[in-house]
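Participant: Let me begin by handing over the structure; questions about it come next.
The values are calculated or read from the model by the stated rules, or taken from the named source; none is laboratory data. The model shown is predicted, which means the values in this text are computed figures rather than measured ones. Cβ placement follows ideal geometry from the backbone for every residue including glycine, while neighbour counts extend to all protein chains displayed. Side chains included, ligands, DNA and RNA excluded: accessible areas come from the protein's heavy atoms. Shrake-Rupley method; radii C 1.70, N 1.55, O 1.52, S 1.80 Å.
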Amino acid sequence: MRGTSWKAVTVVVGLVGAPVLAEDATVHLPYGVPVPEGQELTAAPEPFDESVHGRALPNTQPQANEVLKGAAARLPERSSRPRPRDPIPDIFPGSGDRGFWVNQGQGIFAANDAQTDLVIPDNAVGTTIYAPTHMPAGNVCVETVTAHWRYSGMATTAHAHGFWDHCGFDGATGWQTFEGMDATWKGKYVRVLDGEERYFTEVYKDGGGCAHGLLYNFTQGLWEEKLTPICGNSGFATGWTMWESHYLMDVAQRCPAFPRVRASGIQVYTVSAWPALTTSNSSQLGPYGLCWTNGTYNFAVSVPNSDWTALTP
């Protein structure tokens, strides 16, 4: 319950449009209790479940959504060739990827390194790095994405988090919510865990077939819904969790040294529970791209397959 420390238990009664928590002895953050800036975490938030946590907090900073700026926004691309006149991250396939395919479930939860100290060098301008990025299996519409990018005309590397819509029922696929990782954003959504600045994110499809995208807001101690739910099905029966890059390895042919990026505590939503990502519900993705295949970058897995680190190098 809010304001207390508790253990997750199996929910017997069926849910209306929200995930169910697995029986679990893991200690989580007490829900509804803020965590002050500068205070390190000793536990992680629990995956969101509306039947336990109540309704998620509405988006606390809709004005920060870069998508609302339209053509004036400098968002990252996802195509293999960045569009210099429209600098925003686009869609796959990446030209340098490493991670896991997610083969089960219809939701995903993860702790991510923010890594706002990642710098794309001058000789690799044009690069977009999505790391970590997570897409649920089960034809869910929404991916939760960490973005680092630097294009022509940008003096420095930009850092942001966004939710990408793979369905496009409103007429266009792409970013639905995209927010720069500035001091305000980090003050709300980032805290130190295991020595690194980290944030917690979740995407899941509810019982009505609608996808939700959430971040954990530490100033409130509550899960925050960051986009209007997107109802329907994408074409992705298989999801992913990975380090993804565009332009860097195929065009620039560079393997710069970047800070290591970690994703941990990865869990998938399987209608009745949130089991960990394991070798039974995921499979190897990659290595794809010069820096992964030539051994410059390596991939370490601490807990198969729910805790991975991209060693770059």
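Participant: Is there a residue being open to solvent by 10 Å² or more (accessible area, probe 1.4 Å), closer than 19 Å to ASN233 by Cα, in contact with an Asp or Glu (Cβ under 7 Å, 6 or more places away or on another chain) and not hydroxyl-bearing (Ser, Thr, Tyr) anywhere in segment 128-139?
Facilitator: no
Participant: If you don't mind, another one. Restricting to segment 140-176, name every residue that is open to solvent by 30 Å² or more (accessible area, probe 1.4 Å), among the small types (Gly, Ala, Ser) and touching a residue at least 40 places away in the same chain (Cβ under 8 Å).
Facilitator: Passing the criteria: SER152, GLY153.
Participant: Given ALA252, ALA237, ALA310, which one is of a type in the set (Gly, Ala, Ser) and touching a helix residue (DSSP H, G or I) at 6+ places or on another chain (Cβ under 6 Å)?
Facilitator: One residue alone meets the criteria, ALA252.
Participant: Take segment 194-229 and flag every residue that is more than 21 Å from TRP274 (Cα to Cα) and in a strand (DSSP E or B).
Facilitator: Matches in segment 194-229: GLU196, GLU197.
Participant: Please find, within segment 177-193, the residue that is farthest from VAL67 (Cα to Cα) out of those that are among the small types (Gly, Ala, Ser) and in a helix (DSSP H, G or I).
Facilitator: GLY187
Participant: Continuing with the same structure: Pairs under 6 Å by beta carbon, first residue modelled with pLDDT under 95 in segment 269-292, partner in a loop (DSSP other than H, G, I, E, B), six or more apart or different chains?
Facilitator: From residues that are modelled with pLDDT under 95, the pairs are THR270/GLY105; SER272/VAL20; ALA273/ALA22.
Participant: So which residues in segment 230-249 are in contact with a Cys (Cβ under 9 Å, 6 or more places away or on another chain) and outside any loop (DSSP other than H, G, I, E, B)?
Facilitator: The answer is ILE230, CYS231, SER245.
Participant: List the pairs whose first member sits in segment 119-138 and is part of a helix (DSSP H, G or I), whose second member is open to solvent by 10 Å² or more (accessible area, probe 1.4 Å) and among the hydrophobic types (A, V, I, L, M, F, W, C), and whose Cβ atoms are under 7 Å apart, counting only residues at least 6 apart or on separate chains?
Facilitator: ASN123/ALA252; ALA124/ALA252
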